[in-house]
Structures are given as C-alpha cells and as structure tokens.
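Okay, structure first, notes after.
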Amino acid sequence: MLAAICCQKGDWPANLAAHEEVLARARDEGCELAAFPEMSLTGSVDPVAHPGDLLRLDSEPVRALAGLTRQYSVAAVFGVAERGDGGAHITQVYARKGALAGAYRKRHLGEGEDAYTPGTAPALLRLGQLSFGIAICAESHVDYPFDEPAAAGAEVIFLCAAPGLYGRRTDDESWRAGHSWWESQGLADARRHAARTGACVALTTQAGSTVDEDFPGLAALVGPGGEVVARLPDWHPGTLVARLDRQSGGARCRGRTG
C-alpha cells in the first residue's frame with residue numbers, strides 16, 4: 001500500500017495515528033508492506049528552528065510505529081527527521097514484525113536542507129523474496145540512489161517524498177497547479193528511473209496543508225518500462241494498493257486505488 005498522507009510538523013501523536021489507520025487498511029486489503037512519504041512520522045521539520053521535533057531511531061514514537069507492524073502484520077517504510085549521533089538526517093526507516101529492520105539516510109540533499117547531514121550508504125532491503133531500494137525526494141534528480149539497488153537486484157524502488165510548495169494553496173486551482181508541478185517533477189523522474197533501470201518505482205508523497213507549508217500529494221506505481229500502472233487521481237490524501245508479481249527476468253506491476 002502506497003500512502004499519500006498529511007504529516008503535521010512536530011505532531012508525532014497525530015502522525016502515528018495516521019500511520020496506524022493506513023496499516024489497518026493495508027492489513028484489510030491483504031498487503032504485506034505499507035510505504036509512507038519522506039518525514040512522515042515527524043513531519044517536514046527544520047532541525048535548526050525546531051530541534052526538539054527530531055526523533056532518534058530508538059525513541060518511543062519510532063518504537064511504537066515499529067510495534068504496529070507486528071500488531072497489523074504489515075511491514076512499513078516510513079520517514080523521520082532523525083536526531084543521529086553525527087547530526088540530523090532525513091531517514092526512511094524499515095520496520096517489520098515489531099522491530100526495526102533497516103534505515104536509509106538521504107544522501108543527496110535538496111534546497112533548504114543544508115542543516116541536515118547526508119547519509120553515506122545505499123539502500124537494499126528485503127521482505128521475504130522481494131528485494132527493494134529506497135530513494136528520498138530530491139534524490140530523484142540524480143541516478144545513483146536508483147542505479148545501486150537496481151544493479152544489486154532490487155525489483156522495486158520506493159521514492160518517498162515531501163516536496164513543499166511555494167506559496168499557500170487557497171483553492172482548487174492553486175492545488176491543481178501544485179499537483180501538476182509535482183507530476184512534471186517527481187512522477188516524471190520516477191518514470192525516467194524505472195525505464196532506465198528496469199525496476200518498478202513506487203512513489204509516495206506528503207499531501208495537504210501543515211502549519212506553514214503545503215504538499216502536493218501523489219502516490220503512483222510505475223512499471224519497469226516507465227509506464228504509470230496505477231496512481232491516485234489528484235492532490236488529496238489517499239492510498240494506492242499495488243501488486244508486484246515476481247517473474248524470472250523482471251517484475252510485473254499492477255495496482256488500484258483504495
């Protein structure tokens with residue numbers, strides 16, 4: 001399940017509840033894994049202005065969300081603004097069966113992210129027989145976060161994003177414009193990387209308004225040829241159920257909205 005959800009800044013209790021709702025829905029849909037946007041648990045926070053909103057990977061909110069993967073029998077890839085020993089990181093966490101199973105720290109930082117420290121290691125993770133990679137938002141502008149897991153055998157790469165929009169959205173027209181921009185950026189990049197690497201790319205994006213920033217929302221599954229297999233229709237929060245059929249010599253993707 002790919003979740004495009006609203007992630008309030010610094011409000012981890014509300015964000016945790018939103019994650020639990022998606023995990024319950026994913027269980028009911030028969031999904032094995034739920035993927036969430038960049039910084040989904042903490043919200044897209046400024047580590048200089050709001051250092052207290054960062055979370056360590058051993059913090060209670062992260063452990064609570066990991067615990068939900070046991071309760072609902074659904075693994076999760078979710079985002080945090082991480083307080084690490086070597087500085088602040090933008091991190092996607094992988095949890096399954098109630099415990100952390102891996103983490104990927106963003107290596108190619110975007111505009112306005114200078115206060116974060118880049119990660120150093122690529123992502124190649126497993127769920128049963130499925131190998132997958134992770135890339136985070138601005139990393140869609142470079143190739144290596146996609147090339148490395150694909151070369152190592154990843155069949156799907158999760159592109160987890162939180163692209164803040166310039167200016168507040170005040171009506172449907174302005175929301176539509178922001179969403180259209182992200183289609184021309186994140187979704188276009190996902191299609192390009194899928195076609196280049198032969199891996200499926202699963203995009204999930206923060207959606208809706210936070211205290212000082214709006215996000216364009218979009219979840220989409222892109223097949224290994226670069227075709228959009230399934231997607232959410234607009235900027236509203238929602239979930240997308242995607243099926244990856246493993247086959248020799250590649251993978252076949254299909255999906256539907258939920």
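The values are calculated or read from the model by the stated rules, or taken from the named source; none is laboratory data. Since the model is a prediction, treat every value here as computed from it, not as a measurement. Note that each Cβ is placed from the backbone with ideal geometry, even for glycine, and that neighbours are counted across all protein chains shown.
For the reader, a short list of remarks on this structure follows.
- Residue in segment 51-61 that is under 24 Å from LEU218 (Cβ atoms) and part of a loop (DSSP other than H, G, I, E, B) present: no
- Selection from segment 88-108 of residues that are over 17 Å from ALA24 (Cα atoms), crowded, with 19+ Cβ neighbours inside 10 Å and either at pLDDT below 95 or of a type in the set (A, V, I, L, M) (or both): ALA88, ILE90, VAL93, ALA103
- Close contacts from segment 75-102, counting a first residue that is under 17 Å from SER40 (Cα atoms) and a second that is in a loop (DSSP other than H, G, I, E, B) and of a type in the set (Val, Ile, Thr), with Cβ to Cβ under 7 Å and a gap of 6+ residues or different chains, come to VAL80/THR42; ALA81/THR42; ALA81/VAL45; ALA88/THR117; HIS89/THR117.
- Members of segment 195-230 that are surrounded by fewer than 20 Cβ atoms within 10 Å (Cβ to Cβ) and charged (D, E, K, R): ARG196, ASP212, GLU213, GLU227
- Single residue of segment 62-87 satisfying the filter (assigned to a strand (DSSP E or B) and under 18 Å from the mean Cα position of the chain (by Cα)) that is surrounded by the fewest Cβ atoms within 10 Å (Cβ to Cβ): ALA75
- Residues being surrounded by 16 or more Cβ atoms within 10 Å (Cβ to Cβ) and either at pLDDT below 95 or among the aliphatic types (A, V, I, L, M) (or both) - total across segment 1-39: 14
Here is a yes/no grid of residues against (1) at pLDDT below 95; (2) out of contact with any helix residue (DSSP H, G or I) (no Cβ under 9 Å at 6 or more places or on another chain); (3) hydroxyl-bearing (Ser, Thr, Tyr):
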position: ALA151; (1), (2), (3): no, no, no
position: LEU159; (1), (2), (3): no, no, no
position: PRO163; (1), (2), (3): no, no, no
position: ARG169; (1), (2), (3): no, no, no
position: ASP172; (1), (2), (3): no, yes, no
position: GLY178; (1), (2), (3): no, yes, no
position: SER184; (1), (2), (3): no, yes, yes
position: ALA190; (1), (2), (3): no, no, no
position: ALA199; (1), (2), (3): no, no, no
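- Inter-residue pairs, beta-carbon under 6 Å, first on the phi < 0 side of the Ramachandran plot and in segment 1-22, second aromatic (Phe, Trp, Tyr), 6+ apart: ALA3/PHE36
- Residue satisfying all of: in segment 23-34; touching a residue at least 40 places away in the same chain (Cβ under 8 Å) and outside any strand (DSSP E or B); nearest to ARG96 (Cα to Cα) among these: GLU32
- Filtered residues of segment 88-118 (kept if at negative phi, small (Gly, Ala, Ser) and in a loop (DSSP other than H, G, I, E, B)): GLY110, ALA115
- Any hit, segment 160-177, residues being within 16 Å of the chain's Cα centre (by Cα), closer than 29 Å to ARG126 by Cα and not in a loop (DSSP other than H, G, I, E, B): yes
- Only one of ALA154, ALA135, ALA123 that is touching a residue at least 12 places away in the same chain (Cβ under 8 Å), of a type outside the set (S, T, N, Q), crowded, with 22+ Cβ neighbours inside 10 Å and in a strand (DSSP E or B): ALA135
- Long-range neighbours under 8 Å by Cβ, at least six apart or interchain, first residue on the phi > 0 side of the Ramachandran plot within segment 231-244, second hydroxyl-bearing (Ser, Thr, Tyr) and not in a strand (DSSP E or B): none
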